[in-house]
Amino acid sequence: MSQMSPTAEITGHAHSGRDEKIAFVIMAVLLVVAPLPVYPFFLMQALCIALFACAFNLLVGYVGLLSFGHAMFLGSASYVSAHTAKVWGLDPGLAILLGAACSALLGLVTGALAIRRQGIYFAMITLALSQMIYFFCLEAPFTHGEDGIQSVPQGLLLHVFDLSNQTILYYFVLAVFLFGFLVIYRTINSPFGDVLKAIRENEPRAISLGYRVDQYKLAAFVLSAALAGLAGATKAIFAQNASLTDVQFSMSGEVVLMTLLGGMGTIYGPVIGAILIVTMQQYLGQYLGQWVTVIQGSIFVVCVLVLRRGIVGEIAHFFKRSL
Amino acid sequence: MLSILGISTQQLFQQLLVGLINGSFYALLSLGLAVIFGMLNIVNFAHGALYMMGAFCAFFLLNGVDLPTLHFVGGDGTWAPVVSTVHVSLGISYWWALLLAPLLVGAFGALVERLLLKRLAGLDPLYGLLLTFGLALVIQGVFQNYFGASGEPYPIPKELTGARNLGFMFLPNYRAWVIVFSAIVCFSTWFLIEKTRLGAYLRAATENPTLVRAFGINVPRMITLTYAFGISLAALAGVLAAPIYQVRPAMGADIISVVFAVVVIGGMGSILGSIVTGFALGVIEGLTKVFYPEASNTVVFVIMAIVLLIKPAGLFGRTA
Amino acid sequence: MKSTCLSALIASLLLTTAAIADDKIVKLGELDDQSSLYADSGGPGSVLAVNMAVEDSGLRDKGWTIDVISADHLNKPDVAVGIARQWFDVDKVDAIIGVQNSGTALAVAGVVKEKNGVLLVSGAASSDLTGKACTPNTIHWAYDTYALANGTGKAIVKQGGDTWFFITADYAFGHALQRDTTAVVEANGGKVIGAANVPVNTADFSSFLLQAQSSKAKVVGLANAGGDTTNSIKQAAEFGIVAGGQKLAGLLVFISNIHALGLDIAQGLTFTETFYWDMNDGTRAFSKRFSDRMKNHAEPTMVQAGDYASTLDYLKTLEVMGGNPHDGAKVVAKMKELPTDDPLFGKGTIRIDGRKIHPAYLFEVKKPSESKYPWDYYKLLATIPADEAFRPLAQSECPLVKK
């Protein structure tokens, strides 16, 4: 039904997992040595957002559902994680798991509502639901509204690893990112993932073959929500705060931008897109100020008009590989 | 004084009236969105930004613009180019702005449709959504750069200043005008689309463009004009909003998500649905502010969730 | 032979350690809202003020290297914290100046303490910065919610405004302002009969103003700032709040708000500030130099004046210390030792809790007929002496104050 990801054609090519595995090794090695030249705080930010984008891409690239409200999963998990770590004094690992679990639950509830429609209607519903969550977070006392939750303690992971040590913290965040990435990879390349792709290609056919399509879509939605929540919860621990920015509509828009730029329906697309956008915001933001918004909007327009496959998608298409 | 649930009837009527005012804006904006979506199957995310452009247009028409000029200075053989700005004062009043701003912004909309949206003709409508979303960011960003975020003041037109004492509250004349004018515009549009020949052509062109083309009607032009018309409705709402709300670059972004919820509740293709739902939701929001103010922001979305559970096509919509 | 080698070695060691400890390099970071709600009262004007203070200190001519960088925190605590962290970790900033928005300032104060930098706040208002959230690295300069509440609240209650309804910006600042004003109103025999919490950056205040009207309170207190204040005052005029007999109390009003509203709407508004450009020759001289360099020739607001004065005092203190030890708590302790004197705020001191002490003034906005030249907006109603203007140490919740 939805032809949202033009990379559908690419997966028709010889799907040798070899290219993807090589790319994974390269990515992992680069990320392991990255904190030497690059400011680790910025890297951790990029990693969390990249995981968020990958989780979003699972839904749009492989199931064909464009969610315009994914920030609700990122933000609510970060609030839960920050609150449990600060006020309940939980171990950071537990706080993160709780945050991700809450997002999964939220995903179940909102997904059940949103799955009823497809395409544009699905996007509008997710948008409205995330706005509801935003206003709830604005009013709820435990989030402290505009001020956010500050000074979240980083604590001792598993009573052993001192997360206030920058190096340990970085490798922990990297481990979380790689874990999430691998979960997505395994999901896509599994029988479950094949059914999802079938639903994307031709939903009526999948139904006629006897698959309970709604259940598959909901499962994918919940998984995407849980991983987005994992990213948000980790973000709260390393950044030591949780604020309205994470649950605002602009965050939902940005993740769409990153995935579109990187390539919907490719595995590495969202990672590249996220790194590019976060870098631009961080380093060019000082010189360009408000022009960053204009640039982001222009990238959207240009991508939709001429670069629908995204950067990684175009590269993959050019080399006739699967990335 | 009567009292319902601890709130006096006076307060109730006050908030109902204020709700109707907000509802007028919701109705006008969701009408524009419904026209564009119903006729063109495009979800126009730029609607909020174009509403903002309408308000700024009214501001420019009144206060004039700073036009960049290039002139040369110097003597003794060397002429250096100097870019400076010249202030062109226009002094066009609010009443003319009500006509001109929608025309100007509508023309801009037509340009956008011709140059950008046409290229997405055969594709998944989600691409249209993404394109207009990007466009909204560009427009808002440009305005924010030149005007900052605190916005510009726009005076209430002299003829509409002052307030009328209704007994239970002072109703500012301008806000009364907003309600009346929006109602007129909304129902005229509904009439135009549902009851006139032109409207019939438009509706036919949506259902079966090839057949309508075969009858000799220029369908692409009709599509461009329809988009421009929807945009001009947004700009009109912007001019109406300028004297009450500050003319700010972010004013569109603030209101757009509520307007989308209104359209979903009303039924995405239904013209009447968006008008009625817009006014009704404004009133409901106003009532919520009295009884349970903390929920006033979320009530529209809660209603949307309920409607989706019961009638996914929307209250007035046809199943897509 | 050996002894001269040894003494040369010792001498060079001493020299290098001295060089590492105290150098003449200072890096200042101006962190503010440059583009949104509060940009007019601080924003680019504050950056100018900091630069002017650096120039006026004369330290560059004495061989010091002083850099000023600035950033926009978009009124978001998480953005501000990210910038502050990077400034300390990567850019080697010594002092952060400005920080409008109380929520943001409170968040940044935590980072400044962790990195042992210096925080000079003139933009944010919450009295908690020198109260329960005080740190040995924070100095709160221009004003705070207590001074505003004490000045304006007391004056209005004494005039007969003894029942209040608050329209409050729903974040740290608004709540602090409402809390401090409530305390003053009740201490002077008044009563607060209602309040409405309004999200920041709300465009439409009509339903809240109507609630205020129905409450029949004698005074409608606006516990908000920036664009929110301008909007609520404008719409209050539309709905006839003052015409209906209620008094409008702007609890935090800057000259930039009055300029945006115009004297027609703003006349008669009573509020407290600690600086006015037209007070005396000293303020006038500074303001002329300032407005000449401002894009729209605006006169300085209390925030921008505070940024100038606090930066100047910081640099003067470093000069007295003979160099920059890059130890925030040490410099702040020295600043608290030395008395202050600048043409903007006059003579004053900095208390142990980080609170800068100077007099406050009660102003009223002039009628259009009373204003003789551009920006001639205020008339002085009363002066609140320095020792009464701010929260007494005895009532302070700051852990630095030994009881």
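Some values worked out for this structure:
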quantity	calculated
Among (1) within 13 Å of another protein chain (Cβ to nearest Cβ); (2) at pLDDT 90 or above, the one test that residue A:174 misses	(1)
Flag if residue B:112 is surrounded by 18 or more Cβ atoms within 10 Å (Cβ to Cβ), within 13 Å of chain A (Cβ to nearest Cβ) and touching a residue at least 24 places away in the same chain (Cβ under 8 Å)	yes
The stretch B:261-284 - residue that is assigned to a helix (DSSP H, G or I) and of a type in the set (S, T, N, Q) and, of those, surrounded by the most Cβ atoms within 10 Å (Cβ to Cβ)	B:274
Odd one out for residue B:316 among (1) modelled with pLDDT under 85; (2) more than 12 Å from chain A (Cβ to nearest Cβ); (3) within 25 Å of residue B:52 (Cβ to Cβ)	(3)
The listed residue being touching a residue at least 24 places away in the same chain (Cβ under 8 Å), under 23 Å from residue B:175 (Cβ atoms) and touching a Pro at 6+ places or on another chain (Cβ under 8 Å), out of B:93, B:30, B:24	B:93
Helices (runs of 4 or more DSSP H) wholly inside the stretch C:98-163 containing at least 1 residues that are closer than 24 Å to residue A:240 by Cα and charged (D, E, K, R)	C:102-114
Any hit, the stretch B:278-288, residues being within 14 Å of chain A (Cβ to nearest Cβ) and over 27 Å from residue B:156 (Cβ atoms)	yes
Subset of the stretch A:165-217 (residues that are within 23 Å of the chain's Cα centre (by Cα), closer than 30 Å to residue A:39 by Cβ and outside any helix (DSSP H, G or I))	none
Flag for residue A:244 being more than 22 Å from residue A:170 (Cβ to Cβ) and within 14 Å of chain C (Cβ to nearest Cβ)	yes
Breaking point among (1) free of Cβ contacts under 8 Å to residues at least 60 places away in the same chain; (2) surrounded by 19 or more Cβ atoms within 10 Å (Cβ to Cβ), for residue C:310	(1)
Filter result (more than 20 Å from residue C:49 (Cβ to Cβ) and not charged (D, E, K, R)) within the stretch C:340-353	C:349, C:352
Options B:12, B:5, B:70: the member that is at pLDDT below 75 and in contact with a strand residue (DSSP E or B) (Cβ under 7 Å, 6 or more places away or on another chain)	B:70
Qualifying positions in the stretch C:266-294 - aliphatic (A, V, I, L, M) and either within 16 Å of residue C:363 (Cα to Cα) or modelled with pLDDT of 90 or more (or both)	C:266, C:269, C:279, C:285
Enumeration of residues in the stretch C:373-403 that are in a loop (DSSP other than H, G, I, E, B), farther than 19 Å from residue C:153 by Cβ and of a type in the set (A, V, I, L, M, F, W, C)	C:375, C:398, C:400, C:401
From A:181, A:192, A:135, A:161, residue being within 14 Å of chain C (Cβ to nearest Cβ) and among the hydrophobic types (A, V, I, L, M, F, W, C)	A:135
Answer from C:155, C:124, C:169 - the residue that is over 13 Å from the mean Cα position of the chain (by Cα), at negative phi, surrounded by 23 or more Cβ atoms within 10 Å (Cβ to Cβ) and not polar (S, T, N, Q)	C:169
Selected residue [modelled with pLDDT under 95, in a helix (DSSP H, G or I), within 14 Å of chain B (Cβ to nearest Cβ) and farther than 24 Å from residue A:247 by Cβ] from A:28, A:112, A:8	A:8
The one condition in (1) out of contact with any strand residue (DSSP E or B) (no Cβ under 9 Å at 6 or more places or on another chain); (2) part of a helix (DSSP H, G or I); (3) among the aromatic types (Phe, Trp, Tyr) that residue B:45 fails to fulfil	(2)
Filter result (buried (at least 20 other Cβ atoms within 10 Å of the Cβ), outside any loop (DSSP other than H, G, I, E, B) and within 9 Å of chain C (Cβ to nearest Cβ)) within the stretch B:143-169	B:144
Identity of the residue in the stretch A:138-158, assigned to a loop (DSSP other than H, G, I, E, B), within 14 Å of chain C (Cβ to nearest Cβ) and of a type in the set (A, V, I, L, M, F, W, C), that ends up farthest from residue B:265 (Cα to Cα)	A:152
Members of the stretch C:326-358 found to be surrounded by fewer than 16 Cβ atoms within 10 Å (Cβ to Cβ) and in a loop (DSSP other than H, G, I, E, B), listed by number	C:338, C:339
Residue under evaluation residue A:229, criteria (1) away from every other protein chain (no Cβ under 14 Å); (2) part of a loop (DSSP other than H, G, I, E, B); (3) closer than 24 Å to residue A:31 by Cβ, criterion not met	(2)
Entirely in the stretch C:205-310, the helices (runs of 4 or more DSSP H) that have 2 or more residues that are within 14 Å of chain B (Cβ to nearest Cβ) and either among the aliphatic types (A, V, I, L, M) or closer than 18 Å to residue C:44 by Cβ (or both)	C:206-215, C:226-238, C:255-261, C:263-266
Test set (1) in contact (Cβ under 8 Å) with a residue 12 or more places away in the chain; (2) within 14 Å of chain A (Cβ to nearest Cβ) - residue B:237 fails condition number	(2)
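For (1) within 12 Å of chain C (Cβ to nearest Cβ); (2) surrounded by 24 or more Cβ atoms within 10 Å (Cβ to Cβ); (3) in a loop (DSSP other than H, G, I, E, B), each residue gets a yes or a no:
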{"site": "A:233", "(1), (2), (3)": "no, yes, no"}
{"site": "A:236", "(1), (2), (3)": "yes, yes, no"}
{"site": "A:250", "(1), (2), (3)": "yes, no, no"}
{"site": "A:256", "(1), (2), (3)": "no, yes, no"}
{"site": "A:273", "(1), (2), (3)": "no, yes, no"}
{"site": "A:276", "(1), (2), (3)": "no, no, no"}
{"site": "A:280", "(1), (2), (3)": "no, no, no"}
{"site": "A:283", "(1), (2), (3)": "yes, no, no"}
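The values are calculated or read from the model by the stated rules, or taken from the named source; none is laboratory data. Note that the structure is a prediction, hence the values are computed from the model and not measured. Neighbour counts are summed over all protein chains in view; Cβ atoms, including those assigned to glycine, are modelled from backbone coordinates with ideal geometry.
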